[in-house]
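Chemist: Sharing a structure here in structure tokens format.
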């Protein structure tokens with residue numbers, strides 16, 4: 001019996017800003033929705049790097065009303081993720097187990113191709129989940145950034 005693997009989607013900042021309808025980033029919301037609906041049986045992981053980068057983008061919105069409104073929705077959504085409310089769950093990252101040291105080493109190599117430290121930590125989390133769950137799950141990055149899309153399996157939308 002060939003059981004379909006569950007999908008783990010690590011949410012990149014580009015997709016998360018669109019999902020939250022943050023002004024200036026909401027124009028690709030349909031694209032993100034289409035990518036999600038292409039999967040059945042998925043769980044969303046909200047990486048720590050995505051949380052920090054999203055908060056920074058929200059804090060830089062030019063309109064105070066938008067900042068407050070987006071921040072309120074963002075905080076509620078992150079709390080849901082931290083409490084593992086469906087469809088979210090959050091990883092236990094960063095840890096003091098050498099994982100972040102590896103990210104820093106990888107960042108020194110990838111920065112020349114304009115990868116941010118956040119990108120590198122998401123790639124590292126993807127690698128960890130792939131190693132841990134390779135038999136039962138397929139791990140993808142939900143992103144609008146081309147350089148991170150390249151790390152997804154070919155059949156991923």
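None of the figures in this text is laboratory data; all of them are computed from the coordinates on show. Every value quoted in this text rests on a predicted model; they were computed, and no experiment measured them. Here Cβ is always computed from backbone atoms with ideal geometry, including for glycine, and neighbour counts include all displayed protein chains.
Chemist: What is the spin-label model distance, in nm, from residue 4 to residue 99 if the labels are put 7 Å beyond Cα along the C-beta direction?
Modeler: 2.9 nm
Chemist: Divide, for segment 59-120, the radius of gyration over alpha carbons by 2.2 N^0.38 Å, where N is the residue count.
Modeler: Normalised Rg, Cα atoms only: 1.52.
Chemist: Can you tell me the convex hull volume per residue for segment 6-63, based on C-alpha atoms, in Å³ to the nearest whole number?
Modeler: So the per-residue hull volume is 61 Å³.
Chemist: Then there is this: How would you order 111-117, 24-30 from highest to lowest mean count of nearby Cβ atoms within 10 Å?
Modeler: Per-residue mean Cβ counts within 10 Å order the peptides as 24-30, 111-117.
Chemist: Taking segment 45-86, how much of its Cα-Cα pair set, in percent, is spaced more than 14 angstrom apart?
Modeler: 48 percent
Chemist: With all pairs of different alpha carbon atoms counted, what Kirkwood hydrodynamic radius in Å does the chain show?
Modeler: When all Cα pairs of the chain are included, the Kirkwood radius is 16.3 Å.
Chemist: Give me the one-decimal nm value for the distance between modelled label points at residue 72 and residue 43, 7 Å along each residue's Cα-to-Cβ direction.
Modeler: The two pseudo-label positions are separated by 3.2 nm.
Chemist: Mind ranking 78-85, 46-53 by how tightly packed they are, going by the mean number of other C-beta atoms within 10 angstrom, highest first?
Modeler: Top to bottom by mean Cβ count within 10 Å: 46-53, 78-85.
Chemist: Packing-wise, with mean Cβ within 10 Å as the measure, how do 69-75, 59-65 rank, highest first?
Modeler: 69-75, 59-65
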